[in-house]
Amino acid sequence: MKGYPPPVRRLIAEFSKFPGIGEKTAARLATFVLQSSESDMARLAECIMDVKKKIKICEVCYNLTEKEVCEICSDPSRDKGVIGVVEDTDTLVAIEESGGFHGTYHVLHGVLSPAEGIGPDQLRITELVKRIREEGVREVFIATNPSVQGESTALLIKRMLEGFPLVVTRIGMGVPVGGSLKYVDKMTMAKAIEFRRGV
Amino acid sequence: MTGKMQNKATGFVLNFRDYGESDRIVTFFTDQTGKLKGIAKGARRSQKRFANAIEPFSLSAIIFSRRRAEGLCLIEDCRVLNHFPRIREDLEKTLMASYFIDLADSFTEEGAVSHRLFKHMSDFLNLLEAEKAGESIMRLFEFRLLCISGYEPTLGHCISCRKPVESLKEISFGISDGGIKCEKCAPLTAGRISISPGTARTLVAGKNMPVEKLRRLIFTEYSLRESRLFLVPLIRHITGRQLKSLNVLMEVKHLTDTI
């Protein structure tokens with residue numbers, strides 16, 4: 001990258017810090033910046049700074065928000081008696097996009113991961129228990145991934161909620177809509193049978 | 001000629017990490033090639049080639065290739081043979097299995113084949129799948145792993161006077177010695193861990209016992225505590241660090257005990 005002038009080299013170096021971006025992709029992005037209009041790039045820079053300055057964590061559910069309390073938590077039409085527990089904000093967005101959940105959320109910001117040394121102290125589990133104790137929740141819907149880490153996190157939450165007068169539910173697992181049963185792996189098939197329901 | 005050869009192996013997933021947009025770098029412990037590190041291209045998206053196969057402690061059939069003798073291999077296909085469903089649906093068992101693979105990872109070098117270690121992992125994961133997650137399974141896994149890896153602590157006799165443990169009344173374990181000493185050879189000082197001869201004898205008895213008979217081996221609460229008090233520091237001494245998975249296991253235990 002020696003052929004580029006120093007400001008472009010610095011930009012490439014900054015882009016290279018992004019996840020999944022190597023030096024060549026960073027150089028392509030830098031070229032795009034060079035070719036774009038000044039107003040477009042000013043808008044991009046403003047967006048980046050807005051995100052850094054304005055976005056904080058919701059003090060109720062730990063979702064991303066511009067205010068003290070996020071839009072979902074302050075929406076009177078949401079069912080506050082049901083809490084959907086998710087690993088991260090990306091999962092929250094995916095569930096919101098489905099339009100199938102009308103409760104509120106609790107974002108853990110991670111899952112149990114023994115290999116990486118991530119234990120319950122690094123997750124927002126005690127905050128969840130405190131919230132349940134204070135808010136009179138009827139149902140906790142655990143929507144962590146169906147992986148070893150996601151499952152063990154769900155088991156820990158279930159254990160911690162034993163004795164509370166509420167229902168703990170787990171997100172359904174099984175064959176994807178529009179999929180073909182004969183191509184489903186045996187583990188997914190076993191889960192689909194376990195999670196079968198009446199019709 | 002492409003210059004790459006396709007190989008097959010059967011292995012346990014020791015760990016993995018996401019790489020780039022959709023790839024995963026995976027470490028297996030295989031029966032055929034020992035510890036094997038490779039890149040699984042598109043593993044986070046492909047439901048066909050890697051469906052559920054790259055999960056901690058799962059046993060998988062792997063097809064891989066490599067262009068060079070060293071460096072990452074290319075994981076071309078991975079099919080799960082056993083995902084240990086009973087372990088996965090139990091919090092304590094999952095944490096214990098995670099500790100087992102973390103230990104196995106710490107005691108192995110890439111490419112070093114050990115059929116004994118592979119069998120050891122297979123035996124104990126199957127034992128955990130079938131039995132309650134008792135602490136004795138954990139201590140025996142640690143002790144037998146140390147024996148297989150060449151770090152066997154000497155528990156059968158005093159390492160100074162060589163008197164058999166059966167004839168001794170008071171013994172202590174020295175981490176840097178890697179063995180027991182009787183009270184005459186080494187008085188109990190700050191650096192030594194007091195253990196009872198019964199604890200040493202129980203562990204020695206469990207060294208070569210067939211895994212299906214291990215449930216007959218009775219550890220008292222006292223001998224479990226004593227075993228923990230010297231095996232965990234010994235492992236920390238050998239590996240040079242406290243394993244993260246053990247910290248998480250203890251953190252969860254502390255949390256669930258206080259409920």
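The values are calculated or read from the model by the stated rules, or taken from the named source; none is laboratory data. These numbers were taken from a predicted model, which means no experiment stands behind them. Every residue, glycine among them, receives a Cβ derived from its backbone with ideal geometry; neighbour counts consider all protein chains shown. Accessible surface is based on the protein model in full, side chains and every heavy atom, while ligands, DNA and RNA are left aside. Shrake-Rupley method; radii C 1.70, N 1.55, O 1.52, S 1.80 Å.
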Residue in region B:97-117 that is without any contact (Cβ under 8 Å) to a residue 12 or more places away in the chain and closer than 22 Å to residue B:243 by Cα present = no
remark   = Per the filter on region A:105-115, residues open to solvent by 10 Å² or more (accessible area, probe 1.4 Å) and either basic (Lys, Arg) or at the interface with chain B (Cβ under 7 Å from one of its Cβ atoms) (or both) are A:114, A:115
ask   = Which condition does residue A:165 not pass, out of (1) within 20 Å of residue A:112 (Cα to Cα); (2) more than 14 Å from chain B (Cβ to nearest Cβ); (3) not β-branched (Val, Ile, Thr), if it passes all the others?
value = (1)
note = Flagged pairs (Cβ under 9 angstrom, 6 or more apart or on separate chains; first in region B:229-244, open to solvent by less than 40 Å² (accessible area, probe 1.4 Å); second among the hydroxyl-bearing types (Ser, Thr, Tyr)) are B:230/B:199; B:234/B:151; B:235/B:106; B:235/B:151; B:239/B:106; B:243/B:99; B:243/B:106
message = Looking at region B:198-220, can you tell me whether even one residue there is more than 14 Å from chain A (Cβ to nearest Cβ), modelled with pLDDT of 95 or more and in contact with a Lys or Arg (Cβ under 7 Å, 6 or more places away or on another chain)?
response = no
task = Write out, first by first residue and then by second, each pair whose Cβ atoms fall under 7 Å of each other, whose residues are 6+ apart or on separate chains, and whose first residue, in region A:88-102, is open to solvent by 30 Å² or more (accessible area, probe 1.4 Å) while the second is of a type in the set (Lys, Arg).
result = A:102/A:78
query = For residues in region A:176-199 being more than 11 Å from every other protein chain (Cβ to nearest Cβ) and open to solvent by less than 80 Å² (accessible area, probe 1.4 Å), which is modelled with the lowest pLDDT?
reply = A:180
task = Considering each residue of region B:88-103, count those that are of a type outside the set (Asp, Glu) and within 9 Å of chain A (Cβ to nearest Cβ), and give that number.
result = 8
inquiry  = If residue B:190 satisfies all but one of (1) touching a Leu at 6+ places or on another chain (Cβ under 6 Å); (2) of a type outside the set (Phe, Trp, Tyr); (3) exposed (fewer than 14 other Cβ atoms within 10 Å of the Cβ), what's the number of the condition it fails?
reply    = (1)
task = Quick one: which residue in A:118, A:125 is within 11 Å of another protein chain (Cβ to nearest Cβ), buried (at least 17 other Cβ atoms within 10 Å of the Cβ), in contact (Cβ under 8 Å) with a residue 24 or more places away in the chain and within 25 Å of residue B:96 (Cβ to Cβ)?
result = A:125
query = In region B:24-83, which residue that is of a type in the set (A, V, I, L, M, F, W, C) and in a loop (DSSP other than H, G, I, E, B) is nearest to the other protein chains (Cβ to nearest Cβ)?
reply = B:51
query = Name the residues in region B:66-90 that are in contact with an Asp or Glu (Cβ under 9 Å, 6 or more places away or on another chain), open to solvent by less than 40 Å² (accessible area, probe 1.4 Å) and in contact (Cβ under 8 Å) with a residue 40 or more places away in the chain, would you?
reply = B:84, B:87
query = Does residue B:240 qualify as being on the phi > 0 side of the Ramachandran plot and more than 14 Å from chain A (Cβ to nearest Cβ)?
reply = yes
ask   = Across region B:120-142, which residue is surrounded by the fewest Cβ atoms within 10 Å (Cβ to Cβ) among those that are under 14 Å from the mean Cα position of the chain (by Cα) and of a type in the set (A, V, I, L, M)?
value = B:127
